[in-house]
Amino acid sequence: MKTGEKVRIIKELDYGIVTFEIGDILTVANYIHKHKLFLKADGITDLISIDYSKIEDFIEFVNVEPNTLFDECLSRDWGVSLTWSKSSDWSVEISVGIGSKYKTMFYTDGHTKKETAIAEALEYFKG
């Protein structure tokens with residue numbers, strides 16, 4: 001198991017105030033051989049730990065290839081915001097970090113169509 005690999009929840013996993021449902025996709029944050037697996041979930045700062053003996057009961061490994069703007073950002077652990085407003089139409093912002101370490105990697109606005117804004121953001125990843 002490698003950091004960054006994707007796993008799918010195959011049995012409901014109650015983790016305190018959060019319940020992960022069947023089909024949820026999480027990311028491997030750390031694996032301690034034959035001891036524990038730590039997972040990262042979007043929007044949750046704490047790592048989710050699963051004892052080695054229960055890994056096969058709750059998760060399966062999946063190969064998730066990015067195919068949308070949101071998948072691409074998720075696979076890199078980057079933030080993405082798609083917004084619409086009357087004053088600037090559709091905009092996309094791609095960012096990394098939080099607080100004082102926040103950095104905008106890409107920004108575009110003024111698009112009349114959502115698809116155009118997303119397409120321009122996807123071009124950013126092609127370099």
Checklist entry - Hey, could you pull the Cα Rg and Dmax for segment 16-78, both in Å? => result 12.4, 36
Checklist entry - Which semi-axis lengths, in whole Å and largest first, follow from the square roots of five times the eigenvalues of the Cα gyration tensor of the chain? => result 33, 14, 14
Item to check | Loop sites in segment 72-127: chymotrypsin sites (Phe, Trp or Tyr not before Pro), DSSP, at most 13 other Cβ within 10 Å | outcome: Tyr102
Item to check | Violating pairs (Cα-Cα greater than 20 angstrom) within the set Lys2/Lys40; Lys11/Lys36; Lys6/Lys36; Lys2/Lys101 | outcome: Lys2/Lys101
Checklist entry - Loop-only check: which trypsin sites (Lys or Arg not before Pro) in segment 44-109 are DSSP coil with at most 12 other Cβ within 10 angstrom? => result Lys86
Checklist entry - In degrees from 0 to 90, rounded to the nearest 10, what is the angle of the helix 114-126 Cα long axis to the longest principal axis of the chain? => result 70 degrees
Checklist entry - Taking Lys114 as the anchor, which lysines have their alpha carbon closer than 18 Å to its alpha carbon, excluding any fewer than eight residues away along the same chain? => result Lys86
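We did not get these values from a lab; they are worked out from the coordinates using the rules stated. Bear in mind that the values here come from a model prediction, so they are computed numbers and not experimental data. Methodologically, a virtual Cβ is constructed for each residue, glycine included, from the backbone with ideal geometry; neighbour enumeration extends over all protein chains shown.
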